[in-house]
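Here the structure is laid out as structure tokens; the discussion comes afterwards.
Just so you know, all these numbers are worked out from the coordinates, no wet-lab data involved. Just so it is clear, the model here is predicted, and its values are computed rather than measured. Methodologically, a virtual Cβ is constructed for each residue, glycine included, from the backbone with ideal geometry; neighbour enumeration extends over all protein chains shown.
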Amino acid sequence: MGEGIRHNDIVDKIKENSSGWALRDSYGRSVHKKLLFIGVTLSLLIVATIVSIGVGSVSISFIDVSKSLGHAIFGSLVPLPDNHWYATIVYARSSRVILCILCGVALAISGAVMQNLLRNPLVSPFTLGVSSAASFGAAMGIVFLPAIFGSAITDSIEIFGNGLSLKSILIIVCAFICGLTSIGVVLLLSRRPNVSRSTIILSGVIISYLFQAGISLAKYISDDDALREITLWLMGGMWDATWGTDILLIPVVVVCFILLVCMSSDLNTLSAGDDVAKNLGVDVNKLRMKGLMISTLVTSACISFTGIIGFIGLMAPHICRLIIGNDSRYLIPASALVGALILLSSDTVARMIISPSELPVGIIMYILGGLFFIWMISRKNKVVSL
Amino acid sequence: MTLSIKRIRQGYGDSIVLDDVDLDVEKGEIITILGPNGSGKSTLIMTICNIMRPKTGTINIDGKDTLELHRKEFSKLVGYVPQKYVAGDNLRVFEAVLLGRAPYMEWSYSEEDFDMAARAIELMGIEDLIDKNTAELSGGQMQKVVIARALAQDPRYYVLDEPTSALDLKNQLSTLSIMKKIVSSKNAGVVFALHDINLAFKYSDKVVLLKDGHIHSIGNPKKVINEDNIMEVYGVHCEILNGSDGMHVNIFENQ
């Protein structure tokens, strides 16, 4: 008994006398927690992927989907399911699942990075006007392209074995260019020396209003068919998913993800404030410029294909900040996984609710995001700060 | 071994805040910058810390032109403690202190990074706080964390913009004493911007009086802080008292 107490005393003394030990301990524990969270989210995402592929007019069991996927990835090591044609369905449905994951990742990482760069927890690709601008581009494309190109617009082009109509490609290009324009204007306005963070956010909001006026105009002058098309695009959905779109998007998302993760040490330093970050060796203006550019690129690339999908860029990083804190080195990958998980689950639900028809996932995201937003601000002073 | 500022001109846009400022900071020396609001104290400090690039002029450290150094290399030479800490970093205290190691790290922290941060935490006496969220800290605790971050940075010169503004009397004295200890133990140079003339008296080897972006007078505190200079720079009357524990400044209301 007495010896036990003495032993504990010694351990306490060691702890007391060495804050280096305590520091390493705290740091180690926090890293373990972060890695655990990332691991759990990754597993959930894999489960969600398999479930999502199984859902549809022909429903396929979890095991059969796993076998088909395993066969596709590992070859003959994993046997095909008993119904061989399942593999074909799994292949076809995977394109949509992958598009969901790519969009979830893209929107979530841009949200996380933009929040850090502008040190404002309520910033997302949408606050900066990227989505309104992209919508404007798409709406203009839908209304004016048929008039410009005539009947040639309905021709389709083969991309990696999948037909994409010339019209949808041009709409994507329009949305993409306008999305980039919005951030270009924001950056131009914010290039002046010593511009404040609120100026950047404010210019995003203003640009967003300008483009929304443009969208209203496009809706007003469009005929019934075009109006329906615009409305659908604005709702956002995954119905255009093909392997062609996936193969176009995968390199963009992967490269932007890597570039943003590489910036994460500097993003962490930025959380101490612009002045301190500059003193600690971060070129703050360059970092902000680069970060906003990459996030906009990856966002507009994705929403060009899917239409507007809101709130992922806000929700995913926030959930991660609450659980694992603000260290960007872990926050960006964690947000990516959570964003993919939320969007994929929502899309699966959107397909199930009124099956065999489907809801646009954008609507579900708005409901989910709205509720999340209300919950977030009703927590009063517990809003996650940066 | 000096940090030497020569003919610095600095400003925002077209307005000039500092004009033709020369200053030498020796190692092992505490320099206090005094001056009324708007005299250019913070601007001078931000220029020394490479937060603002000077419009003209040079900053040399040990003979090297710092404006040509890589930002991270400069960070290892001069550390900055801001007047306003950023509230609600939402970091743990240990993460906030480890940020000071940013100039040394690439992707992950080395053993040396942990050792330096731990020593800084010990020196500031904030061992109990390391697991706390920075948003939960009091103003005084936060100030200590911010200073600990600068200590972890391990620069050769420390520049502190009103380090005592958020602190109560006891913590003001202990913070300045800690800086004094660092000056002697690490042979570092320290620049303070202070509002409190009595603290400047007590803790500095050299005092700089700034007025309208020019150096009004510079030198030993006993020489620089006198009734005439205070009147000229601040526009207030004062008397200097010679107490048993050093000099005191007694300020009168203008009549």
Counting other chain Cβ atoms within 10 Å of each Cβ in B:12-19 and taking the mean gives 1
Between B:TRP107 and A:ASP25, what FRET efficiency comes out of the Förster formula 1/(1 + (r/R0)^6) with R0 = 30 Å and r the beta carbon distance, rounded to 0.05? 0.90
Would you please classify the overall shape of the range A:36-75 from the alpha carbon gyration tensor, given that a ≥ b ≥ c denote the square roots of the eigenvalues, rounded means a/c under 1.5, and beyond that prolate means a/b larger than b/c while oblate covers the rest? oblate
Distance from the Cα centre of the range A:214-249 to that of the range A:94-109, in angstrom? 18
Mean separation of Cα contacts under 8 Å, 6 or more apart, over the residue count of the range A:277-386: relative contact order %: 25
Per DSSP helix of 4 or more residues, -39500 (n - 2.57); summed, then divided by the residues of the protein assembly as shown. What does that give at 222 nm, rounded to the nearest 500? -19500 deg cm²/dmol
DSSP H segments from chain A that extend 30 Å or more along their own axis, Cα-based, with Kyte-Doolittle mean of 0.0 or above: A:19-54, A:86-118, A:166-189, A:197-221, A:284-306, A:328-353
Between the range B:174-208 and the range A:302-321, what is the C-alpha centre distance in whole Å? 50
Once the Cα atoms of helix B:111-124 and of chain B are each reduced to a long axis, what angle between those two axes, in degrees from 0 to 90 to the nearest 10, is obtained? 50
In what sequence do A:LYS290, B:LYS206, B:LYS223 fall when counting other Cβ within 10 Å, fewest first? B:LYS223, A:LYS290, B:LYS206
Express as a percent, rounded to the nearest 5, the fraction of DSSP beta bridges in the protein assembly as shown (both residues included) that run antiparallel. 65
Order these by the 10 Å Cβ neighbour count, fewest first: A:MET140, B:MET1, A:MET289. B:MET1, A:MET289, A:MET140
Rounded to the angstrom and largest first, Cα extents along the principal axes for the range A:295-386 equal 42, 31, 18
A:GLY104: net charge of surrounding residues, Cβ under 14 Å, Lys/Arg +1, Asp/Glu -1, itself excluded? -1
Between 0 and 90°, nearest 10: helix B:169-186 axis offset from chain B longest Cα axis: 70
Whole-Å distance, taken between Cα centres, linking the range B:13-35 and the range A:18-87: 59
Taking A:TRP85, A:TRP233 and counting other C-beta atoms within 10 Å, the order from fewest to most: A:TRP85, A:TRP233
Charges at C-beta only: +1 for Lys and Arg, -1 for Asp and Glu. How large is the resulting dipole of chain A about its Cα centre, in Debye rounded to 20? 1180
Provide the FRET efficiency to the nearest 0.05 for the A:PHE144-A:ILE46 pair, computing r from the beta carbons and using R0 = 60 Å. 0.90
Excluding residues fewer than 8 positions from B:LYS186 in its own chain, the aspartates and glutamates with Cα under 14 Å of it are B:GLU26, B:GLU29, B:ASP154
Could you sort out which of A:LYS290/B:LYS64; A:LYS167/A:LYS290; A:LYS34/B:LYS72; B:LYS144/B:LYS222; B:LYS180/B:LYS222 sit more than 26 Å apart by Cα distance in this structure? A:LYS290/B:LYS64; A:LYS167/A:LYS290; A:LYS34/B:LYS72; B:LYS144/B:LYS222
Which net charge results when you count Lys and Arg as +1 and Asp and Glu as -1 among the other residues whose beta-carbon is under 13 Å from that of A:VAL143? -1
Using only Cα atoms, find the angle between the long axis of helix B:139-153 and the longest principal axis of chain B, and express it within 0 to 90 degrees, rounded to the nearest 10. 70
With a/c under 1.5 counting as rounded, go ahead and sort the protein assembly as shown into rounded, prolate or oblate using the C-alpha gyration tensor (a ≥ b ≥ c being the square roots of the eigenvalues; past the cut-off, prolate if a/b is larger than b/c, else oblate). prolate
